[in-house]
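Novice: Mind having a look at this structure? Questions to follow.
The values are calculated or read from the model by the stated rules, or taken from the named source; none is laboratory data. Just so we're clear, the structure is a prediction, and the values are computed from it rather than from any experiment. Neighbour counts run over all protein chains shown; Cβ positions are idealised from the backbone, glycine included. To get the accessible areas, we keep the full protein, side chains included, count just its heavy atoms, and leave off ligands, DNA and RNA. Shrake-Rupley method; radii C 1.70, N 1.55, O 1.52, S 1.80 Å.
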Amino acid sequence: MSESVRIALLGCGVVGGAVARRLSEAKDEFAARVGRPLEIVGVAVRDTGKDRSETGLDASLFTTDAETLVTEADLVIELMGGMEPAKSLLQKAIESGASVITANKALLGQHGAELYELAEEHGVDLYYEAAVAGAIPLIRPLRVSLAGDSVHRVMGIVNGTTNFILDKMDRTGAQLADVLAEAQELGYAEADPTADVEGHDAQAKAAILASLAFHTRVRTCDVHVEGIMGVTADDIRAARRIGCVIKLLAIAELVDKGGSQAVNVRVHPTLIDRSHPLASVREAFNAVFVETQMAGELMFYGPGAGGDPTASAVLGDVVQAARHKVTGGRGPGELSYANLPIEPIGASKTAYFIRLDVEDKPGVLANIAKTIGEQGVSIESMRQGVRRSQDGLATLHLITHRSSEADLADVVERLKASEDVREVGSVLRVEGE
Ligand SMILES: NC(=O)C1=CN([C@@H]2O[C@H](COP(=O)(O)OP(=O)(O)OC[C@H]3O[C@@H](n4cnc5c(N)ncnc54)[C@H](O)[C@@H]3O)[C@@H](O)[C@H]2O)C=CC1
Ligand SMILES: N[C@@H](CC=O)C(=O)O
Ligand code: NA
């Protein structure tokens with residue numbers, strides 16, 4: 001290998017720009033930490049004519065020829081996002097002997113196993129700390145620090161954009177669409193922000209976390225997902241009235257199936273009590289609880305999105321992979337030996353919050369309780385919200401005990417068919433009760 005560690009950067013947007021800037025600003029520190037200088041040999045962009053002087057890099061380094069660039073580097077950092085050409089470029093880089101660093105959870109959630117296999121075959125590193133929970137060290141703790149323990153649950157907020165939106169809606173009563181524009185301006189959202197609000201970004205992250213936690217290949221399509229598009233200002237107000245807040249949670253847990261184990265993994269808007277530590281996670285911050293057999297409960301908290309925070313995680317991986325290039329050694333490969341089945345969502349059990357508009361007349365509460373009870377679902381609490389004398393309706397807020405998704409779906413159908421019920425306003429899962 002040459003005197004320096006040669007680095008190719010693919011993409012120079014929010015995160016790529018921050019990585020480029022830091023690599024050029026802190027050259028001496030990186031050289032001291034790695035033992036050799038880190039040299040950017042090229043940055044693949046779509047348009048070389050754009051002014052990128054703020055990165056501190058010479059304009060001659062920018063190229064549209066990513067294909068050639070990835071064959072000329074010891075380390076390739078992929079920050080373009082999307083499936084293609086990101087996947088082919090990473091494959092080509094690995095086949096050329098480069099270690100690769102990516103923040104691309106969408107790609108990893110779908111094709112992580114293929115990339116791991118190729119990296120193994122070519123003896124190079126595949127690092128992706130920035131792909132889940134931005135700056136927060138979470139991948140490395142799961143891959144390395146907790147390698148002697150057994151994880152049984154991972155639960156948390158892993159999408160900054162939706163947390164920013166839900167938090168703003170909760171604090172100001174704003175509409176989802178208005179707050180989304182702000183999250184985009186701040187550089188939190190994906191290039192296509194529907195990936196955030198429809199939960200697909202968190203879905204891919206949940207797949208990555210579940211794979212690492214349970215040594216099982218979990219792909220994005222294995223993760224049940226519900227986004228926040230259906231969460232209304234009314235839902236947020238109703239949650240507030242009962243002392244709760246709505247968060248988009250990613251939950252991956254081991255479940256006992258009568259002697260054998262399965263993985264349950266899902267992403268959905270969730271009601272949590274305001275006293276729960278996740279309730280106080282504001283703006284684009286992320287927080288993840290990891291529950292293990294020996295360490296007990298660990299909480300990881302910090303900035304989950306944004307240029308500089310995400311670049312911090314990318315650069316941690318860059319230094320680690322560069323050290324391996326200089327002194328030898330490799331990071332951990334994929335471990336999927338447990339190969340557990342994925343539990344279908346219909347079997348997963350949670351408590352539910354149901355908001356209903358009902359006829360405001362005697363006997364209705366008893367009828368509703370009976371309708372729900374007949375389905376084998378029991379009620380934890382039921383309280384009347386607003387009574388509206390003008391249309392003879394009252395709003396009811398119900399919380400059920402844990403029940404299966406399938407039973408709850410039947411309850412909702414029966415409530416909709418009941419002559420006492422005018423509308424089933426919202427049905428949200430409840431955690432941390
Ligand atoms: N923005 C954030 O807070 C975080 C982003 N990520 C991930 O980091 C990656 C990059 O995200 P951002 O920097 O936010 O996106 P971005 O959209 O700001 O930057 C991507 C850049 O790559 C360029 N690009 C796309 N395709 C290209 C191609 N074929 N050739 C050359 N350049 C190409 C685009 O022109 C753009 O400048 C994505 O995978 C994203 O999911 C991960 C964690 C946090
Ligand atoms: N769009 C993502 C960026 C980080 O992964 C988010 O909002 O969390
Ligand atoms: Na991280």
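Novice: Can you name every residue in region 102-115 that is within 23 Å of Ala322 (Cβ to Cβ) and either open to solvent by 30 Å² or more (accessible area, probe 1.4 Å) or under 18 Å from the mean Cα position of the chain (by Cα) (or both)? First the steps, then the outcome.
Specialist: First pass over region 102-115, keeping only residues within 23 Å of Ala322 (Cβ to Cβ): 102-105, 107-108, 112, 115.
Thr102, Ala103, Asn104, Lys105, Leu107, Leu108, Gly112, listed by residue number.
Novice: From Gly316, Gly306, grab the single residue that is open to solvent by less than 20 Å² (accessible area, probe 1.4 Å) and of a type in the set (Gly, Ala, Ser). Quick ask: steps written out before the conclusion?
Specialist: On the way: Gly316 fails: open to solvent by less than 20 Å² (accessible area, probe 1.4 Å).
Unique residue meeting the criteria: Gly306.
Let's see how each residue does on (1) within 16 Å of ligand 1 (Cβ to nearest atom); (2) in the same structural domain as Ala189 (by TED's automatic domain parsing); (3) out of contact with any helix residue (DSSP H, G or I) (no Cβ under 9 Å at 6 or more places or on another chain):
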position: Arg36; (1), (2), (3): no, no, no
position: Ile40; (1), (2), (3): yes, no, no
position: Lys50; (1), (2), (3): yes, no, yes
position: Gly56; (1), (2), (3): no, no, no
position: Thr63; (1), (2), (3): yes, no, no
position: Thr71; (1), (2), (3): yes, no, no
position: Glu78; (1), (2), (3): yes, no, no
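Novice: OK, next. In region 213-243, which residues are in contact with a Lys or Arg (Cβ under 8 Å, 6 or more places away or on another chain), open to solvent by 10 Å² or more (accessible area, probe 1.4 Å) and at pLDDT below 95?
Specialist: Asp234, Ile242, Gly243
Novice: Does Ala31 fit the bill of being over 28 Å from Gly333 (Cβ atoms), among the aliphatic types (A, V, I, L, M) and exposed (fewer than 15 other Cβ atoms within 10 Å of the Cβ)?
Specialist: Considered against the rule, which asks whether it is over 28 Å from Gly333 (Cβ atoms), among the aliphatic types (A, V, I, L, M) and exposed (fewer than 15 other Cβ atoms within 10 Å of the Cβ), Ala31 comes out as no.
Novice: Another question about this same structure. Gly17: out of contact with any strand residue (DSSP E or B) (no Cβ under 7 Å at 6 or more places or on another chain) and in a loop (DSSP other than H, G, I, E, B), yes or no?
Specialist: Numbers: out of contact with any strand residue (DSSP E or B) (no Cβ under 7 Å at 6 or more places or on another chain): yes; in a loop (DSSP other than H, G, I, E, B): no.
It is false that Gly17 is out of contact with any strand residue (DSSP E or B) (no Cβ under 7 Å at 6 or more places or on another chain) and in a loop (DSSP other than H, G, I, E, B).
Novice: Also, I was wondering about something else. Which residue is farthest from ligand 3 (Cβ to nearest atom), if the candidates are limited to region 40-94 and must be assigned to a strand (DSSP E or B) and open to solvent by less than 10 Å² (accessible area, probe 1.4 Å)?
Specialist: Taking the candidates together, the pick is Gly42.
Per-residue answers, yes or no, for (1) over 19 Å from Ala204 (Cβ atoms); (2) within 13 Å of ligand 3 (Cβ to nearest atom); (3) modelled with pLDDT of 95 or more:
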{"site": "Asp149", "(1), (2), (3)": "yes, no, yes"}
{"site": "His152", "(1), (2), (3)": "yes, no, yes"}
{"site": "Asn159", "(1), (2), (3)": "no, yes, yes"}
{"site": "Asn163", "(1), (2), (3)": "no, no, yes"}
{"site": "Ala174", "(1), (2), (3)": "yes, no, no"}
{"site": "Ala181", "(1), (2), (3)": "yes, no, no"}
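Novice: Residues in region 148-157: is at least one in the same structural domain as Ala204 (by TED's automatic domain parsing), without any contact (Cβ under 8 Å) to a residue 60 or more places away in the chain and of a type in the set (Ser, Thr, Tyr)?
Specialist: no
Novice: A follow-up question, please. Residues in region 106-139 that are on the phi < 0 side of the Ramachandran plot, touching a residue at least 60 places away in the same chain (Cβ under 8 Å) and within 16 Å of ligand 1 (Cβ to nearest atom): how many?
Specialist: Matching residues across region 106-139 total 17.
Novice: Check Ile368, Ile399 and return the single one that is open to solvent by 20 Å² or more (accessible area, probe 1.4 Å) and not assigned by TED's automatic domain parsing to the domain that holds Leu271.
Specialist: Ile399
Novice: Here's a follow-up. Of all residues in region 177-202 being in contact (Cβ under 8 Å) with a residue 24 or more places away in the chain, open to solvent by less than 20 Å² (accessible area, probe 1.4 Å) and part of a helix (DSSP H, G or I), which is nearest to ligand 1 (Cβ to nearest atom)?
Specialist: Asp201
Novice: So, one more: Which of the residues spanning region 107-160 are farther than 20 Å from Val288 by Cα and either within 12 Å of ligand 2 (Cβ to nearest atom) or of a type in the set (S, T, N, Q) (or both)?
Specialist: If the condition is that a residue be farther than 20 Å from Val288 by Cα and either within 12 Å of ligand 2 (Cβ to nearest atom) or of a type in the set (S, T, N, Q) (or both), then Gln110 is the only one that fits.
Novice: Give the residue, chosen from Val427, Val377, Val411, that is modelled with pLDDT of 90 or more, aliphatic (A, V, I, L, M), surrounded by 15 or more Cβ atoms within 10 Å (Cβ to Cβ) and in contact with a His (Cβ under 8 Å, 6 or more places away or on another chain).
Specialist: Just one listed residue meets the conditions, Val377.
Novice: Can I ask one more? Any residue that is within 13 Å of ligand 1 (Cβ to nearest atom), in contact (Cβ under 8 Å) with a residue 12 or more places away in the chain and among the aromatic types (Phe, Trp, Tyr) - is there at least one of those in region 208-217?
Specialist: no
Novice: Looking at region 20-39, which of its residues are in contact (Cβ under 8 Å) with a residue 40 or more places away in the chain and part of a strand (DSSP E or B)?
Specialist: Leu38
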